[in-house]
Each structure stands twice: as C-alpha cells, then as structure tokens.
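S.K.: Have a look at this one.
The values are calculated or read from the model by the stated rules, or taken from the named source; none is laboratory data. For clarity, every value in this text was computed on a predicted model and none was experimentally measured. In this analysis, Cβ positions are derived from the backbone assuming ideal geometry, glycine residues included, and neighbour counts consider all displayed protein chains.
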Amino acid sequence: MTASVRYEAVQPGPIGERFAVIDYDGANKTFYQPVDLNDPRLLIRGGLAPSEADPRFHQQMVYAVASETLQRFEFALGRRIHWRGTKRSASADPVPRGASRCLNLFPHAMCQANAFYSPDAHGILFGYFRASRSNPGSNLPGQTVFTCLSHDIIAHETTHAIVDGIRSFFTEPTNIDVPAFHEAFADLAALFSHFSHKEFLLDTLEKTGGRLFDSHLKPELAISAGSTGAGIQAQIGKANPLVALATQFGEAVGLRGALRSALGTPPNSNDINVKTEPHDRGSILVAAVFDAYFTIYIRRTADLFRIHRAGGGNLDHDDLPAPLAERLAAEASHTAEQFFVICARALDYCPPVDITFGDFLRAVLTADLDLHPNDPDGVRDALMQAFRLRGVIADGASSFSEESLFWPKVRRDALPTVDGLQFGDPNGLTKSEKDNNGDVLRAYAQKYGDLLGFDKNLGKIQALSFHPMFHMGEDGRLFVDMVAELVQTVRTPFGDAGSGTFPMRNGVTLLISQDPPQADKRPPPRIRFVIAKLHSAEREDRVRTYYASSGRAISSKIESGEVGEAGDDARFQLDFGLLHAGA
Amino acid sequence: MAPKKKSTPKVRNKTAKAPARKAGKAAKMPPRGTDTSSPSTDPSSNESARGLRVRMFRVGFGDFFLLTVPMAGGASEHVLIDCGVHAQDLGSIRDAVQQMANDCGSKLALVIMTHRHADHISGFASCSDIFSGFTVERVWMPWFEDPKNDKAMAFQASLTAIADNLSAKFAARGGSDSSMLKDMVDNITGGMAAAGGGSKNQKALDVLHRGFKNEADYDYYKAGDQPILPKSLTDAGLSAQILGPPIDPKLISQMTKVNQQYLSDEIETDDEVVRPFPKAFCTDKNGYPSDAFRIYDDQTIIHLIDGAQPDVLAARAKAADNTLNNQSLVVLFSFRGRHLLFAGDAQWGNWENFLYGGAYGTPGHTELTKNAQSILGKIDFYKVGHHGSANATPKDAVAAMRLGCVGMCSTQIHAYNQVPREPLLDALRGRMEGQLARSDQVATQGTKAEKTAGELPDQFKVPATGELFIDYEFN
C-alpha cells in the first residue's frame, strides 16, 4: 500500500516537524543508520521499497503511517493537535521545550513482543522479537517479527499519543472504563483507518460476497463435495483480516488467531459487568461502534445489492462482479471515514477526567448532532442501539433516547459570556493570543466557577487546555468554536485504604462559540456546552475504592517516609508498556 | 495515616434520586452501634454454641486452621482448612500437624483446600506420613481442581508451567526484588521437590487426592454451589454456603484466553536478544542530524529507552499470583446462629462478584448487594484473607461486617512488603472491637511471639505450653 502524507522538509531520520524517528536499539545498545528521504535515489522511486531486512525501510514506514494517522485526526478535529506538553505528575521531570510539537518514534527500541506509547520517553517504543518456535501462527518459526511494520500497531500507538495530548488525565485510571477506553479508542482509530483504505477492502469484499462483516472469508477455491478437507492452500478459509487487528503481532506471541477480534460474538448486556481486563472491556466498545458501522454499510449498500439481484445476480454462488465490488468498497471506505471523524470529534466532547463508556456515547451523539443535525441514514440511532445491546448506559440519562443522551445544551444567556477570548484563524494561535486566552479562562473560572458547578473552596481551578476549532457545516457555513478544559485538583487522603493522598480531579469541558457578527458587531463568545465531572462524595469514594482495588493505593515509598504524602503520583498513571505486553 | 476517614459518613447522592435502588440505602455506612443487622436478628443465636472452636496454628507465612464442631454427647468433629507455609517457614508445621493428629484422633470429617498455593497446602506434602494415617470423610476444593474437567486442568497446568519458567528467570536475574518475585511464583508450584521430580505442590495435591488412610469423597465448588457436608456435621447442626470463587463455567474458555493474553507461556520469545540487522547498519549519534536531539540529547534518549522497557516478567508474576488467589474457595459456615467466614486468599476479583454482583464501578455495581450486606452484617468470625494484605479485604467489606465479630489473621512479617497491612488490621480491629488475633502473637518452639504484633486480645486462648496455636471458643 501507499501512504500519502503532507510534504514537509525532513532530515535523515526522518526528522520532521511533528515526528522524529530515532532508531536507537536498547537491546543491542546501538543506533541504526537513518533513512534520508531526500536522497534522489529514493525520491525517484517514491521511497524505499518494502524490505524487512533494511531498518531504513522500517523508519520510513513508521514515519509515514504515524504522519498519516496524525493528519486524519487533525482533519477530523479541524485543528492542529499537540502532543502532551505537561508533566505526568508533580514529582516527574519537567517536560522539555518543544515537546508538544514533536513526538519521538523508536522503531527498534527493545527486544520484546511489545509496542507502546511511553509518555516518559515522549515517544512510541516499538519492539521486535523472534516468533515462537512451537506456535508461530502464520509467521515462520523463529522468524524475527517487527512490530513497527504493522500498519495497525503504528496507528494504534499513535492514537494513544494523540488522545494523551488531547485529554491528558485519561491516563489516570480513576474507574474501570478509563484504561479500556484508551485501548478501545486506539483500536477504533486503527481499524477505521484500515477500513478507509480501499485496496484492503476490495479483496475482502470479493471473498465475503460483499458481506464485509463475516468473520470468515470464503476460500479461493471451493472444497468439492466428498473430499475430507482443504487440499491446497487456496481452499483454506481464513479469518477476515478486517475484523482482526494486528494479526501478525497477535499470532507471533502465541495468541492464535485474532488478537482483539471485535466482532464475531453475539452482543449481550452482561459482558459489561464481568469483563474487567482493559482489552476485553475495550472490545465491548469497539464491537458496539463496529456494529453501528456495519449496520450503516448495509443500509447504504442495500440498493446496490437489490440492483444486482434484479439483474439476475445471486451472490450465494456467483462471484462478486468487479464493478460492484468497487462500488461497495467505495461505500465502505467512505462510511469508515465518516465513523472515524465521528469518533475523533467525540474526543472534544468528552469530560476532561474520569471518562466512562457512557460518557463517550453521549459525546459521540452530541458531537455528531452538533455538526450534522440531519441524519438520513440513522447513524446516531444505529450507534445508540449498538451501545444499548451491549449494556452500556450513560450515568444520569433518564432514558435511552436521543434527547436524554445528548449532553444538555446551555440555554442562551444562562451563563455569562467569555469576553476577550480570541479564536485566531484555522492555522493556529500566536503566543500572545494563547497567553491572553489562558488569562481570560482562568479569570472566568475564578469568577464564575460556581456557576459551572465547581466548589471553589476546594481549590484552584486550572485552565488546562484550549483549542480553537473550525468546522464547515453541511450548508457551507463556518462554525468557530473553542474547546477548553478547566480542572481542579484536590489532594484527597486515602485514609485507611492506602498511603498518603491521591489527586481527586474535578473538571469541565467547555464548548465556546464565536457567533457571526450581528448588526455589524461581533457578539461576545458564549458557552454552548458544559460537560462536567464534578466533585461529589460518591465519586470521591468510587475513585478511592477503585485505586485501592487496582492495587494503586499503597506506596512503599510513602510508607517508608522516603517521600511525602503526595510524593508518589506515578502510581496513578497507566503503564501502556504493561497494558500491551504479552504479559 | 490515621484512620480518620472512618467517621466520614458516605453520602450516596444517587439513592435519594432513584427510588428504584432502595437497596442502596441500606449500604450507607451505619453509624457505630446502630447496626441494622446485629446478631439479635438471627433467632437461633441465643442458643449456646459452646464447644465450637477455631484453632489457628502458627507456622510462619501460611494458613493452617482447624474448626471443631461439638456433637451431641460431648464428642466433636473436625474440619481442616488449609495446611501450609511458604515464606518465613518457622519449621513448626510438623509439630502442628502432629498436635492436630493427637487431638482429633487422626480423624477429620472434612478437609478444605482453599487454593493450591504452597502457603496453603505444603503441609500435606511435608507431613504426608502423618496424613497417611488420617481418616478423611470429604474433601472440598475449588472448581479449578476437578480432575475430570479438562479445561480447568489445562488452565492449572499452564499456570504451573508459567510459574516454573518465571522462577528460573528470576533466579537467573538475582537481586532482592527478583528473589521476592521468585518467592511469589514459587508459591504457585511450591518449588521443585528435592528428589523424584514434580513440584512440591504436586506432591501435596497428590496427598490431598489419595494420600489419606481411606478414600475420601471429593467435591469441587464454585460460588453459589450447594455444598455437601458429611452427615456427622449436618447432624451436629453445621451448614455451609460457598461464596467464591466466582466462576461461570461458560466463561472458562474466555478466562483461559485472558490467561493466554496475560500469562502468555511463550516466554521464549521475549528475553533472547536478537540481532535484527547486520553490523553495516549500525551507527552512533553522529549518524543523525542534530535536530534529532532537539528535545532530548542522545544520552537522555539512551537512558529513557533503557529505563522505559517495562518489567514484563514482574507483571507476569503478579498476574499469576492474583489468578491463583482468586481461585480461592470462600466458605461461610453457620452453626446455631453463629456465622464464620473463611475467605482463603480471595483478592479483589473474587470479592467483587460477591460484594457488588459485578465489576466494581460499572453502573449498578458501586454498592454492596443486599446479599453481601446481609451476610457480612451477621458474621461472628472472619478468617482474614491473604494474610492481611491490602487488596484481600476490601474496605467496603470491612465497613459492612457486624460490629463485634472476631477475626483471625495468619501472618508473619518480612515475607512480603506491606503484608500484613497495618491500616487494614486497624480498621478490622475497629470493627471487631479489638478482637483480632494474629498467628504471630503466639510463640513456637524456637520462635518468640512477634513483639510488633501486640498482645493477644482477651477473647483468644493459647495452650498451657504457650506455644504453637491460638484458639477461639464460641459460647
């Protein structure tokens, strides 16, 4: 496949503006030669040809797929994305300048069947390993497998970094859904970007007779009646690669078959109560969104199938004609693009802390309604039903209907306007505009915190982030918004449940609109949504108990007096390395 | 660390709004003394339970409990719950088993093995000669031990294989952290037997399965099963409920999948260093433009990459340990209105199901279930789970226990970090009005009582010799 990414001047590495590929191998303690994409010999061929044996191809691959993923998100969100530029915890080392602009990629960081985003190293570490000799799956026994050569793994890990840049408190597992959400969202992004490549889809469509969602492909050759089984490889039916993420990776670590197969089991509403492992739990969310995706795909292609049948076609024993496959692939990839955008945009409508699947459902629905009030194919309904079937319910929603699941809109004039906020233009804010906005938001929180639902007595309210967004509506109108996060951190004691204190975070996400000028005057920016996770004794208790139950409450450093009551916050951070490890 | 949180009343905002969840109201932590589920709610509790006794032997870091049930006519029957020691072995287990054999005439009505960790079963192996003289009527084990269940057996076999593999790796790695982790995984297998092959735990399991004088009846239980008690015990008035482990047989295939994911046995792939590329591709920092190091310089990058490699082995060891602890058989005994809860080493995952009816924190599962409240609200005796470690007795469980129940905790300091967990024991003492005994509060031949453990509370007794075990007698 070919990945096309925006042109930028790159130095050998490749080292560009947003990504620096640095090929240091921690297991062999060496750097590998960087690829020079400006080399005329590479330019003329459109980059290095695929090769497992040349680390420079790996570097090129990592750079291209990560850039492609980032651009997809920037397109969907209508703004530039920053990497995490804030410290993980009070006791952590300061983040160096420029970190929010550029992320490091380490294509061969370790000899381990693992690849993960590491906020500490401000980058993504990809491992390589020898495939199992006894159970290698579709790899050769003992073959070296590179995680940095999997499109899905690169997209998945890049998404973790992107989410961490947008919602930096989602790495604090304050409830059982938080780690699962990080996983599920990264899977969704990887899967939808996979699905939006038509060339991946065509082959699968032909082998499933257009039924993209079948978990098994028809073998290339039918097995004749009376024979005992497949005689040649073309007769072996395979698992559908589109519903299995990163199969090469999964098989090589001995997992047999699909690593995170999202579909293939009938939905039930009990899994949500019993699945606690982050990937398992995340797969519920992935399955829900994919259920909706396939439903919409079926709706949108029903006419094509009918036309085909009207012409005498029967897909049960005929091959899918190439033009029909082409049209189906176009529809599937278009729908995948749309779902990717819906999911990505939902990030801006999530509360800043303590996310649950129910919050995500509300964010998805609200974000989509906000931009596309018309929903002719019933995308929102499909999503809602898919979540309902899997028992995902939203806290505080009185019924499972659109009205009660959307985040409530702030009535006009119910909150004071945010005077002085500057929206800049679609290409970003200047330093002075940023400084101004920070001041405006802090002052607003200070003055009107109570109206937003904060208890100001509990502590200072921080303006964590603010990003202007520019979206074109269906009618061509330009919407100018700002998404801002206000967060209050309260050090709360564990009492006898653990050591020292934990940071209890209360926060709101604000969506602030700049309306078009009226009567020759630009109206002051008004708040349209307040998406809140505020303090309550019940929530405090829930977070405390969850930390205790997940073994994060006890710190030997604090117990031994090595550090103070608030000195060991690293324990409240997700370790992506262990989440992804075969461990 | 003062337990001042205790007095903070829990405010459950939601219960006020949602009338459908009235059950939640009762979950409010009741103010002390006004516990709604006090023992007086059980009509039979006025009857005397004289003769009912729990004996805790001191063997080191391990469980060894004997429950004695009085029979009509002055005789009594005995139930053995675990017999093992792993870390901090005090060398007293042989004396203890001999003592038990003498006291009960080598006759046990029931043997319960809560789970197959060495610190709960090693005694069956090291004292197999004494046990071979025992008559045992029934044996209860967790569902995972059923030899006729292929899936359960495959699961245990893979867990054992993983533990062996990890143990070898930790041994090779050296260092004090590694040796603690090695201890942890060796607890799964018991370590290798000195001679004859097989692990020590396998030997103990063999004794449990066919090493008694007679052929016992075997039961394999999971949460919700209706257990079968020997007739003598039923006649005496004992009944039992199984509260854990929480396994739905339909989920076993799913569980083994989790097992594969989290306890992948393909460790061979991980640690062996592979040279992925020929030397010709190697370079040093000078092969890169200076902009590569604009965020972090080369030394920092080397340091960060070297430091960011997750300790996968340690995570595996902990996951394996948890998996096994959560297999623990949790048994609630009732006798003339007295209720005794033996929790094995059940950790959060096992409790969760019982306490909240599902994964904690998911909608509808943030408060204790009615059933859990009513059980915890009536208990008279609690065998503290997992030697007093923090994640083995959830805070909500402590808060729901009946005020004035008593507890026993078998433990030994310096075996693992933060076990026993003092704040947890303090919270339990608060609930038990001080009546919580620790096994290290009694001496053994050769080991003194642990000074830091404090005095033995007054409702417990030690034998005239002042050594080996602690008794709690009901009245």
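S.K.: Would you confirm whether any residue within region A:543-551 is away from chain B (no Cβ under 12 Å) and either within 25 Å of the chain's Cα centre (by Cα) or closer than 30 Å to A:GLY449 by Cβ (or both)?
M.R.: No.
S.K.: Now, a different point. Could you go through region A:279-296 and let me know if any residue there is of a type outside the set (Asp, Glu), free of Cβ contacts under 8 Å to residues at least 24 places away in the same chain and either in the same structural domain as A:LEU201 (by TED's automatic domain parsing) or in contact with a Gly (Cβ under 9 Å, 6 or more places away or on another chain) (or both).
M.R.: no
A quick yes/no check of all residues on (1) at pLDDT below 90; (2) out of contact with any strand residue (DSSP E or B) (no Cβ under 9 Å at 6 or more places or on another chain):
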{"position": "B:SER389", "(1), (2)": "yes, no"}
{"position": "B:ASP396", "(1), (2)": "yes, yes"}
{"position": "B:ASP426", "(1), (2)": "yes, yes"}
{"position": "B:ARG438", "(1), (2)": "no, no"}
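S.K.: If you take the residues in region A:422-441 that are surrounded by 14 or more Cβ atoms within 10 Å (Cβ to Cβ), out of contact with any strand residue (DSSP E or B) (no Cβ under 6 Å at 6 or more places or on another chain) and modelled with pLDDT of 90 or more, which one is nearest to A:MET482 (Cα to Cα)?
M.R.: That would be A:GLN422.
S.K.: State all residues of region A:364-391 that are under 25 Å from A:ARG72 (Cβ atoms) and within 14 Å of chain B (Cβ to nearest Cβ); if no residue qualifies, say none.
M.R.: Residue satisfying the conditions is A:PHE387 alone.
S.K.: Another question, then. Whether any residue in region B:403-414 is under 30 Å from B:MET180 (Cα atoms), of a type outside the set (S, T, N, Q), in contact with a strand residue (DSSP E or B) (Cβ under 7 Å, 6 or more places away or on another chain) and surrounded by fewer than 22 Cβ atoms within 10 Å (Cβ to Cβ) is what I want to check.
M.R.: yes
S.K.: Please find, among B:GLN347, B:GLN327, B:GLN299, the residue that is surrounded by fewer than 21 Cβ atoms within 10 Å (Cβ to Cβ) and more than 8 Å from chain A (Cβ to nearest Cβ).
M.R.: Result of the check over B:GLN347, B:GLN327, B:GLN299: B:GLN299.
S.K.: Is it the case, given these coordinates, that A:LEU361 is within 14 Å of chain B (Cβ to nearest Cβ) and at pLDDT 85 or above?
M.R.: Judged against the criteria, A:LEU361 is a match.
S.K.: Being over 22 Å from B:SER232 (Cβ atoms) and among the hydrophobic types (A, V, I, L, M, F, W, C) narrows it down to one of B:ILE112, B:ILE121, so name that one.
M.R.: B:ILE121
S.K.: Among all residue pairs at least 6 apart or on different chains, which show Cβ distances below 7 Å where the first residue, located in region B:228-244, is free of Cβ contacts under 8 Å to residues at least 12 places away in the same chain and the second is surrounded by 22 or more Cβ atoms within 10 Å (Cβ to Cβ)?
M.R.: none
S.K.: Would you mind stating whether A:ARG528 is within 13 Å of another protein chain (Cβ to nearest Cβ), modelled with pLDDT of 85 or more, surrounded by fewer than 20 Cβ atoms within 10 Å (Cβ to Cβ) and under 24 Å from A:SER168 (Cβ atoms)?
M.R.: So A:ARG528 does not fit the description; no.
S.K.: So B:ALA437 fits all but one of (1) more than 11 Å from chain A (Cβ to nearest Cβ); (2) touching a Cys at 6+ places or on another chain (Cβ under 9 Å); (3) of a type in the set (A, V, I, L, M); (4) surrounded by fewer than 23 Cβ atoms within 10 Å (Cβ to Cβ); what number is the exception?
M.R.: Of everything listed in (1) more than 11 Å from chain A (Cβ to nearest Cβ); (2) touching a Cys at 6+ places or on another chain (Cβ under 9 Å); (3) of a type in the set (A, V, I, L, M); (4) surrounded by fewer than 23 Cβ atoms within 10 Å (Cβ to Cβ), B:ALA437 misses just condition (4).
S.K.: Now, a different point. Could you list, in sequence order, the residues of region A:35-81 that are more than 27 Å from the chain's Cα centre (by Cα) and surrounded by 23 or more Cβ atoms within 10 Å (Cβ to Cβ)?
M.R.: Of everything in region A:35-81, those that are more than 27 Å from the chain's Cα centre (by Cα) and surrounded by 23 or more Cβ atoms within 10 Å (Cβ to Cβ) turn out to be A:VAL35, A:PRO55, A:ARG56.
S.K.: So how many residues does region A:1-59 have that are out of contact with any Ser or Thr (no Cβ under 8 Å at 6 or more places or on another chain), at pLDDT 80 or above, of a type in the set (Lys, Arg) and part of a loop (DSSP other than H, G, I, E, B)?
M.R.: Adding up the residues that qualify gives 1.
S.K.: While we're looking at this one, here's another question. Given the condition outside any strand (DSSP E or B) and under 18 Å from A:TYR444 (Cβ atoms), answer yes or no: does some residue in region A:500-519 qualify?
M.R.: Yes, region A:500-519 contains at least one residue that is outside any strand (DSSP E or B) and under 18 Å from A:TYR444 (Cβ atoms).
S.K.: If you don't mind, there's one more thing I want to ask. Just the residues that are surrounded by fewer than 24 Cβ atoms within 10 Å (Cβ to Cβ) and on the phi > 0 side of the Ramachandran plot, please, taken from region B:62-115.
M.R.: Those that are surrounded by fewer than 24 Cβ atoms within 10 Å (Cβ to Cβ) and on the phi > 0 side of the Ramachandran plot: B:GLY73, B:GLY74, B:GLN88, B:GLY91, B:GLY105, B:SER106.
S.K.: Restricted to region A:63-80, and to residues that are part of a helix (DSSP H, G or I) and either charged (D, E, K, R) or within 14 Å of chain B (Cβ to nearest Cβ) (or both), which residue is farthest from A:LEU371 (Cα to Cα)?
M.R.: My answer is A:TYR63.
S.K.: Of the conditions (1) of a type in the set (Phe, Trp, Tyr); (2) within 16 Å of the chain's Cα centre (by Cα); (3) surrounded by fewer than 24 Cβ atoms within 10 Å (Cβ to Cβ), B:PHE155 fails just one. Which one is it?
M.R.: For B:PHE155, the failing item is (2).
S.K.: Could I ask something else about it? Quick check: is even one residue across region A:385-394 under 25 Å from the mean Cα position of the chain (by Cα) and at positive phi?
M.R.: yes
S.K.: Here is a follow-up. Does region A:382-405 hold any residues that are crowded, with 16+ Cβ neighbours inside 10 Å and more than 20 Å from A:ASP177 (Cα to Cα), and which are they?
M.R.: Within region A:382-405, A:ALA382 is the sole residue that qualifies.
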